[in-house]
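*Asks:* Just passing along the structure, written as structure tokens.
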Amino acid sequence: MGLQCYFGGTTIQTLKLAAIPASSRFILNPIPKTLVLNSFSRHNYVYCPLRNPFKLLLRALSATAVQTAPATESLDNKVVKPQWKAAIDFKWIRDNKDAVALNIKNRNSNANLELVLELYEKMLAVQKEVERLRGERNAVANKMKGKLEISERQKLIEEGKNLKEGLATLEEDLVKLTDELQLEAQCIPNMTHPNVPIGGEDSSTVRKMAGTPRDFGFPVKDHLQLGKELDLFDFDAAAEVSGSKFYYLKNEAVLLEMALVNWTLSEVMKKGFTPLTTPELVRSSVVEKCGFQPRGDNTQVYSIEGSDQCLIGTAEIPVGGIHMDAILAETQLPLKYVAFSHCFRTEAGAAGAATRGLYRVHQFSKVEMFVLCRPEESESYHEELIKIEEDLFSALGLHYKTFDMASGDLGAPAYRKFDVEAWMPGLGRYGEISSASNCLDYQSRRLGIRYRPSEPTPAPLKKGKGSVAPTKFVHTLNATACAVPRMIVCLLENYQQEDGSVIIPGPLRAFMGGLELITPKST
Amino acid sequence: MKGKLEISERQKLIEEGKNLKEGLATLEEDLVKLTDELQLEAQCIPNMTHPNVPIGGEDSSTVRKMAGTPRDFGFPVKDHLQLGKELDLFDFDAAAEVSGSKFYYLKNEAVLLEMALVNWTLSEVMKKGFTPLTTPELVRSSVVEKCGFQPRGDNTQVYSIEGSDQCLIGTAEIPVGGIHMDAILAETQLPLKYVAFSHCFRTEAGAAGAATRGLYRVHQFSKVEMFVLCRPEESESYHEELIKIEEDLFSALGLHYKTFDMASGDLGAPAYRKFDVEAWMPGLGRYGEISSASNCLDYQSRRLGIRYRPSEPTPAPLKKGKGSVAPTKFVHTLNATACAVPRMIVCLLENYQQEDGSVIIPGPLRAFMGGLELITPKST
């Protein structure tokens, strides 16, 4: 048993984050007799994107993905060490395991709760044993300080040595257990808001609907055709220069993008959000801490060759990273950011009709809102964020529906997620234009973002060491204020005229030098 | 062998034919190898140089024009990093944790300043008849090479994507140059004048030392770039037009700068002639490059395969036969920085600082910043 069986005896170059279960290591190690291990023989082949070497290998063999598996390391007998640790509350998971199990099921997650609980119990047991042995070793060390006969001293030296060796082995096992526990537990998705509908995407419910589909009275063109006739984009040249799903914006489309970004930033700033631009290259560990999988199957993430850096798919990532490993003062909260960045997505695995033109592209501009707040306030900020989004879209005259996304359609980090889909007459259906998630402390436990509550009562008379309030994790939320290409699709398709021109919605005109109409050019 | 032959004669010919075929195959292989090697070596030959370009290293570059004078402050001058800290405009420390050194977040008014610089620049250059563009920032590495850059050389400035032949662009010159790759344009289409806004990514490998503090040298920045494709006889005059546009932009912002005619040792391989503008950065205590305008003649177009077909020169000829279509020529390409945002931010903050720590916003940008006239210290 062991690694050879696990991999079917083949020599597979592992991919960096393929976790080899510690189980085999345990069976190969001498087991201290005080420790009883349950059988690890039934190692569950957990499909957690971080640890799925077979699938990663298969993907490496297929030529279609833009990004193939990362640099390989040779298979060795160790558990892959996680680069960073999430501050996961294992005790809470254990104490609420039924709720956690149900949640995993409702979300169609492949997290292995049983294994997590097993590993946790074992870790606790090993930890206890380690502490006991340390106690004994200290006792021996103390005894050796006194006056002893040579034979007694000799015995103690022997005992001390045995304890030291046993301790070293156990401490090694403890590290491995902790690492494996970490890797498995990171797969457990966030809990779910009680009002979230249970099921797949068809179970998502409509929270709000605004506007109605426009009645055109003439044949409606899609944004690609409008773009061609108005000389607004070039997909063909971009396909040669860069590949499919890339594009140049031209002429008024450039002004439209600038206007959308400027107007959105300006509107959201009025609501007290601090504007930011962000790095678009970030360390892959930051991507992971936000709950994304830079090196998983069908990863959405572009990686940089010869570096641990990735391109961001959303400003949520660099903004989430700003306060990594920090302890904020309660008075600093809430922190409300509105960030403009370019976003890059491989869109691996996204195929089909919903990929034409600007609807699904590898690079786009986006204005993103990000909030860090106290736990008791996250639900109300979630409502605030979705209201800001809906007000923006209504101001632009769009017809849209806001969905409360069902449990099977939430990303792992989201406790609750509202998606807005706008009517795209050229596409003939609703298309997603924004997403607003409340992540509770899922991201902050990984990013290490805490706050220290202010003193609750009037200045205490005695301010001693123990009277500083313990830190808590902040809650984080993120919401799309403007995803430019999707907005351009909406505006072009909804505001087209019979003569082929496109009306520019009122709020954007000042940001376009007063332009009111995009008209066909004389060729 | 098509005619009637005796068997022995035929046999001889077959033998001869076979020998010729083998000899030919070998030679053809050699020809391919020679052609390939010739190509690789010849690609290294830099563009020719304009006769007026000073010969020598960077100290030989001459000043073509100087505008404005260094401001007389009357109080101790702060550099942009200190101003940025006091005005809460950037965060380099958080970016170093999230991304690495030479990355940054812009915050508050600095974001508005970036948007204003880009919007104003685009608007001004569009008035001069340039077509605005946004471009892909991931391009095939072959396109990078065709523009005259080395994506995979030592100390390359280019970030490559893992598992792909794609790279991040260091300038919009690259994707814009690629738009008309392998095309034959009509003469009437020329000139094509583009003004492109993109983010740019540079490894800055090999760039060390004092001139790397803060926003002066960063891995990622926003830039508005002008790119012209034109007939050969017009490239020199478009070079003059481009540098004039740049100088007008910088003068409108009230900057004090010098325009250099870059010496032969300091041109990039693609440039026939290159004008760099260096603006006075009082916090740095010296002039810093804020733009570069190059005339590449047909260096890039020969690599990108961008040709044009001259129109018929005389009134409609009576006989229009196969041979009367004019042969194609290579266009000339030029590129010029209209606005490199971080360097402009350095200039504006350092030059427009006040004794009380606030920074005046130059007139042309105010309308693009909701009328804001001053960046003031925040009450903390």
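*Asks:* Taking the Cα centre of chain B as origin, work out the dipole magnitude from +1 charges on Lys and Arg Cβ and -1 charges on Asp and Glu Cβ, in debye rounded to 20.
*Replies:* Approximately 1220 debye in magnitude.
*Asks:* Could I ask something else about it? Can you show me the helix-derived [θ] at 222 nm for chain B, built from DSSP H runs with n ≥ 4 at -39,500 (n - 2.57) apiece and divided by the number of residues, rounded to the nearest 500.
*Replies:* -10000 deg cm²/dmol
*Asks:* I need two numbers for the range A:338-448: Rg to one decimal and Dmax as a whole number, Cα atoms only, in Å.
*Replies:* Rg and Dmax of the range A:338-448, Cα atoms, are 15.2, 45 Å.
*Asks:* Something else about it: If you place +1 on the Cβ of every Lys and Arg, -1 on the Cβ of every Asp and Glu, and leave all else neutral, what size is the dipole of the protein assembly as shown about its Cα centre, to the nearest 20 Debye?
*Replies:* 1840 debye
*Asks:* Multiply the residue gap between A:Arg214 and A:Ala329 by 0.36 nm, knock off their C-alpha separation, and tell me the result in nm, one decimal place.
*Replies:* 36.5 nm
*Asks:* Hey, with R₀ at 30 Å, roughly what FRET efficiency would A:Ala395 and A:Lys472 work out to, going by the Cβ-Cβ distance, to 0.05?
*Replies:* E between A:Ala395 and A:Lys472, to the nearest 0.05, is 0.25.
*Asks:* Please average, across the residues of B:102-113, the number of beta carbons from any other chain that are within 10 Å of each residue's own beta carbon, and give a whole number.
*Replies:* 5
*Asks:* Sticking with this structure for a sec: Looking only at other chains, what is the average number of their beta-carbon atoms within 10 angstrom of each beta-carbon in B:115-122?
*Replies:* Mean number of neighbouring Cβ atoms from other chains: 3.
*Asks:* What distance in nm lies between label points placed 7 Å from Cα along the C-beta direction at B:Lys21 and B:Asp36?
*Replies:* So the label points at B:Lys21 and B:Asp36 sit 2.5 nm apart.
*Asks:* Sticking with this one: Arranged from highest to lowest average of other beta-carbon atoms within 10 Å per residue, in what order do the peptides A:197-208, A:147-158, B:236-247, A:288-299 appear?
*Replies:* Per-residue mean Cβ counts within 10 Å order the peptides as A:288-299, B:236-247, A:197-208, A:147-158.
*Asks:* Further question on the same structure: Distance in nm between label sites at B:Glu289 and B:Lys2, each 7 Å beyond Cα in the beta-carbon direction?
*Replies:* 6.3 nm
*Asks:* Would you look at the GNM of chain B, springs on alpha carbons closer than 10 Å, and say which of B:Gly163, B:Gly17, B:Gly148 moves the most?
*Replies:* Answer for the Gaussian network model of chain B: B:Gly17.
*Asks:* Then there's this: Where does the charge balance sit around B:His80 when Lys and Arg score +1, Asp and Glu -1, over other residues with C-beta under 12 Å from its C-beta?
*Replies:* +1
*Asks:* To the nearest 0.05, how large is the calculated FRET efficiency for B:Asp248 and A:Asp297 if R₀ is 60 Å and r is the Cβ-Cβ distance?
*Replies:* With a Förster radius of 60 Å, E is 0.70.
*Asks:* Hey, got the average number of other protein chain Cβ atoms within 10 angstrom for residues in A:234-241?
*Replies:* Average neighbour count from other chains, rounded to a whole number: 6.
*Asks:* Shifting gears a bit: Using only the alpha-carbon atoms of the range A:80-230 as identical scatterers, what base-10 log of I(q)/I(0) does the Debye formula give at q = 0.17, 0.20, 0.21 Å⁻¹?
*Replies:* Computed log10 I(q)/I(0) values: -1.01, -1.19, -1.25.
*Asks:* Work out the charge dipole of chain B with +1 on the Cβ of Lys and Arg and -1 on the Cβ of Asp and Glu about the Cα centre, then indicate which of B:Phe221, B:Pro151, B:Gly357 is farthest towards its positive end.
*Replies:* B:Pro151
*Asks:* Further, regarding this structure: Distance between Cα centroids, the range A:311-344 to the range A:99-146: provide it in whole Å.
*Replies:* 34 Å
*Asks:* Among A:Ser242, A:Ile503, A:Thr278, pick out the residue whose Cα is farthest towards the positive end of the charge dipole of the protein assembly as shown, where Lys and Arg carry +1 and Asp and Glu carry -1 on C-beta, about the Cα centre.
*Replies:* Of the listed residues, the answer is A:Thr278.
*Asks:* What nm value, rounded to one decimal, do you get for the distance between B:Val63 and B:Glu233 when each label is placed 7 Å out toward the C-beta?
*Replies:* About 3.7 nm separates the two model spin labels.
*Asks:* Net charge within 11 Å of A:Pro485 by Cβ-Cβ distance, Lys/Arg positive one each and Asp/Glu negative one each, not counting A:Pro485 itself?
*Replies:* After counting each charged neighbour, the total is +3.
*Asks:* Working out 0.36 nm times the residue gap between A:Gln225 and A:Arg207, then minus their Cα-Cα distance, what length gain in nm do you get to one decimal?
*Replies:* 3.2 nm
*Asks:* Most fluctuating residue of B:Phe90, B:Phe197, B:Phe73 in a GNM of chain B with Cα springs under 10 Å: which is it?
*Replies:* Result for chain B, Cα springs under 10 Å: B:Phe73 fluctuates most.
Every number here is computed from the coordinates shown, using simple stated rules; none is lab data. In this text the structure is predicted, and so the values were computed from the model without any measurement. Neighbour counts run over all protein chains shown; Cβ positions are idealised from the backbone, glycine included.
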